[in-house]
Each structure stands twice: as C-alpha cells, then as structure tokens.
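The structure appears below as structure tokens.
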C-alpha cells in the first residue's frame with residue numbers, strides 16, 4: 001500500500017505515539033526507530049516557495065493580524081547579531097508579533113545564517129501554531145522554534161534538526177512566554193545546543209528529543225520545563241566555556257546575565273525516559289528548584305556519573321552560589337549517588353513506593369540534606385552516607401547493606417524511626433543572588449530581572465541572550481547550553 005503525503009504524516013504520528021509509550025530498547029535503537037518514524041523533507045508537499053536573503057529580514061512576517069500558510073517551502077539566509085535577533089526576532093525566517101496569530105501547516109522551513117531562528121513568536125498576545133512541518137537550521141545561534149517577550153508557541157508533530165552552536169531546537173529568550181510541544185522529533189548536534197533551553201514555561205509531550213554535544217534540557221532562572229511521556233537522550237560531551245567541570249543531561253541554574261528572573265524554577269517529568277550518555281543526570285547551581293519525577297525510566301550510561309549534583313559553579317557570587325533543590329519522587333526509581341556541596345541544599349521526598357539506590361555525600365556531611373521516606377518507599381545504601389536530617393518510620397525503609405548512615409553526625413541504626421525537619425530552599429537560594437557573571441555556555445537567555453521585557457531599543461543592535469549571550473561579533477557565547 002502506497003501512502004500519500006498526508007497519510008504518511010498521520011501514520012507517522014500514530015506510530016510515534018505507540019513507539020514512545022513502549023520504548024525499552026537501547027538508546028541507539030530508539031534513535032534509529034524515531035528517525036524512521038517522524039516526518040522528513042520527502043513527506044512535505046511544497047506548493048509555494050518563499051525566500052529571503054536580507055540581513056535581518058524575514059521570509060514571512062505577521063504583525064497584529066491573523067495569517068495561515070500551508071504546504072510552503074521557506075528558505076532564509078542572511079546574518080544578524082545580538083539582542084535584536086535573539087530577543088526581538090530580527091533575521092528569523094518566520095516572525096509573528098503585535099498580538100498576531102500565525103498558523104503554519106505541512107511546511108518545510110530551512111535557515112542558514114548566524115542568528116537565523118526558524119519560527120519566532122514575540123510579545124504578549126502573539127501566538128504561533130505550527131504543525132506537521134520540518135525545520136532545519138545550520139547557522140550558529142539559530143533555534144528551531146523560538147519564543148520571547150511573553151509570546152505563545154504551539155507546536156505539534158514537528159521534525160526539528162539544528163546543527164549550529166547555541167541553537168536549541170525548542171528555545172526561549174528574554175521575556176519568556178508559553179511553549180507547548182506535542183509529538184515529533186527534535187535533535188541538536190551543535191555545541192551549547194540543548195534540545196530545550198527554557199527561560200519560559202515549556203511543556204513537551206509524547207516527543208523524541210536528542211542532543212549529541214550538549215545537555216538535553218537547560219532551565220534558567222524562574223522558569224519551567226514539563227515533560228510528559230517523552231524520550232530524552234542526552235550526550236553532553238563538549239564544553240562551551242570554563243564555568244563548570246561537569247557534564248549532565250539536565251542543567252538548572254541562574255546565569256545572572258539579566259536574561260532570566262530570579263526565583264524558584266521547576267523541572268517535572270512524568271512517564272517516558274531519560275537516557276544520559278556522559279556525566280550526571282541533574283546539575284543544579286546558583287538557583288532554587290523543584291524537581292518532580294513520577295514513573296520516569298532514568299538510565300545513566302556513565303558509571304562514574306551521579307544522579308544529582310547540587311554544587312557551586314562559575315555563575316553567581318562565590319560562597320553563595322550553590323544549588324538548592326526539592327526533589328520529589330513519586331512512584332520513581334532512582335539509581336546513583338547524590339552530591340550536595342557546602343553552599344547547597346537538598347530536601348528529598350520518597351513517596352508512593354519510590355526506590356532510591358545510592359549514596360549521599362560519601363565523603364562526609366557538607367551542605368544541608370534532608371531525606372523523608374514515606375511508608376512503602378525505600379532507600380538502599382551503596383556507600384556510607386551523610387545527611388543533616390531524616391524522617392522515616394520504624395521498619396525496613398532503609399537498607400544499610402553493610403554501610404553506615406550518619407544523621408547530623410550520629411550513626412543511624414537500621415530499622416529505627418527518625419524525625420527531622422526540611423530546609424527552606426528559597427531562603428537558602430536568596431543568599432546566592434548577586435551580580436553577575438556571564439550566563440552559561442551556549443544557549444540563550446530568558447526574562448529580564450523583574451520578569452518584564454524591557455523596551456525595545458529602536459534601531460540598536462544587541463548581543464545574544466544565551467547562556468551567556470553571544471558577543472556582538474556573533475560568535476557563540478559562554479552561557480550554558482552546554483554549560484561548562
């Protein structure tokens with residue numbers, strides 16, 4: 001049976017949903033299967049071609065109106081640098097602003113230029129709806145779908161491939177906004193190019209995401225990422241700066257660049273899987289965050305990597321720039337050690353039959369760590385561990401396995417009850433604010449310090465807002481997208 005283009009897309013979406021729900025194969029097989037299941041260029045029927053090669057120009061622009069395009073091929077070249085491109089949408093292939101509503105369907109969008117984002121939603125009241133389309137960007141600082149200034153981006157069943165540095169597939173910058181992504185295939189290969197760089201509220205559901213040189217997810221400042229039944233494969237193996245010595249799949253931080261408001265961020269994952277190729281699963285520094293995990297299959301292929309590292313790095317003021325974490329596990333299996341340094345804080349809550357196998361601060365007590373184990377959940381130690389406080393009932397919730405657990409300096413007796421008190425992570429984090437260092441390596445930025453987008457500097461060019469933002473020359477910055 002031969003499928004026409006539209007039938008292929010419907011079939012691909014259905015197959016993708018089934019595949020994600022049941023993925024248990026190795027990461028390499030997942031990638032191959034996902035690539036075969038999602039849209040390709042050949043699936044798009046192009047009836048009209050729209051091109052733009054002007055520096056700073058757009059192939060399509062919608063301002064304060066409703067517009068709809070389908071079966072178009074968009075090609076964008078041309079250069080830009082700085083904030084005009086990454087905060088305000090200059091040089092993007094497709095641009096919507098001034099409370100306009102733009103709908104794109106069944107289309108192919110390609111860019112090849114510095115700061116040439118593919119599809120851009122700027123400003124409160126502006127909405128971009130894009131579905132069943134393929135996006136490819138090749139230049140540095142060129143994201144796939146980009147949202148700033150309080151705009152909204154709704155994306156469904158896209159294939160996005162980016163190859164430039166500092167080029168997240170799903171990207172936001174100063175002023176943030178709301179981003180909803182459903183289904184599809186999202187892959188980055190450049191340095192400092194996570195699949196998702198969030199200075200907004202971003203939700204991704206039933207999608208395949210892969211980074212081959214950067215973190216998979218970066219959350220900056222008072223913003224959020226929510227994953228629902230997604231497959232994330234991250235291989236952070238290339239450093240984009242010298243702010244940190246570590247690699248990780250998910251990085252949560254505050255760059256102090258002014259691109260993201262200060263405050264408690266969140267990372268939530270329900271179902272699906274996270275596979276990490278190199279380093280730690282989570283790294284939190286210079287901010288406070290809520291990490292909530294429920295039924296996620298988490299695999300760290302790096303035997304030396306940790307599950308969580310809350311630790312100071314090169315952002316914020318030395319001595320008060322640690323990571324402050326509420327880790328909420330519900331029906332979750334956690335394997336791997338946890339490190340909390342002396343300027344960091346962790347409250348870990350094991351609920352709804354969660355299982356933790358690992359150790360905490362094996363070298364001795366450092367930062368404030370509180371562990372609470374609900375009846376039915378458990379912790380099996382793999383090495384001597386040190387915590388500040390512990391709440392657990394009598395029974396077998398803690399299996400020492402021949403190791404020692406010290407609670408506020410006192411050795412815990414297996415099977416005994418203990419009662420402790422959690423720490424205020426927001427109070428701990430407030431001491432870490434301060435002025436700044438550059439944002440992290442290689443992604444973009446977020447909200448202004450007060451959460452509001454500053455007035456657009458008419459006629460003036462700027463930098464980039466990525467972890468660290470790019471210098472005026474247009475060379476990739478030193479924020480994290482690939483932090484370090």
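Quick note: the coordinates plus some simple rules give every number you see, no bench work behind them. Computed from a predicted model, the values in this text were never measured in an experiment. Glycine gets a Cβ as well: all are built from the backbone with ideal geometry, and neighbour counts include every protein chain shown.
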For the stretch 29-180, max minus min Cα coordinate along each principal axis, in Å, sorted largest first? 40, 31, 28
Mind computing the radius of gyration and Dmax over the alpha-carbon atoms of the stretch 210-345? Å is fine for both. 13.7, 38
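So if the hydrodynamic radius of the stretch 48-430 is defined as the Kirkwood radius over C-alpha pairs, what does Stokes-Einstein give as its diffusion coefficient at 20 °C and 1.002 mPa s, in µm² per second?
Values: Rh = 21.2 Å.
For these conditions, the coefficient is 101 µm²/s.
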Please tell me the relative contact order of the stretch 229-328 in percent, rounded to the nearest whole number, where contacts are Cα pairs under 8 Å and at least six residues apart. 30 percent
Using just the Cα positions, wrap the stretch 89-244 in a convex hull and report its mean projected area in square nanometres, one decimal place. 7.8 nm²
Whole number please: convex hull volume per residue of the Cα set in the stretch 300-430, in Å³? 105 Å³
May I ask you to order 240-251, 276-287, 93-104 by the average number of other C-beta atoms within 10 Å around their residues, highest value first? 276-287, 240-251, 93-104
q = 0.21, 0.22, 0.29 Å⁻¹, the stretch 229-271: log10 I(q)/I(0) [Debye, one scatterer per Cα]: -0.98, -1.02, -1.13
Taking other Cβ within 10 Å of each residue's Cβ, how do 309, 171 sort, fewest first? 309, 171
Expressed as a whole number of Å, what is the distance separating the alpha-carbon centroids of the stretch 248-323 and the stretch 117-148? 25 Å
Over the stretch 48-430, what is the mean sequence separation of C-alpha contacts under 8 Å (at least six apart), divided by residue count, expressed as relative contact order in percent? 7 percent
If a/c stays under 1.5 just call it rounded; otherwise compare a/b with b/c (prolate if a/b is bigger, oblate if not). Do that for the stretch 326-371, with a ≥ b ≥ c from the square roots of the Cα gyration tensor eigenvalues. oblate
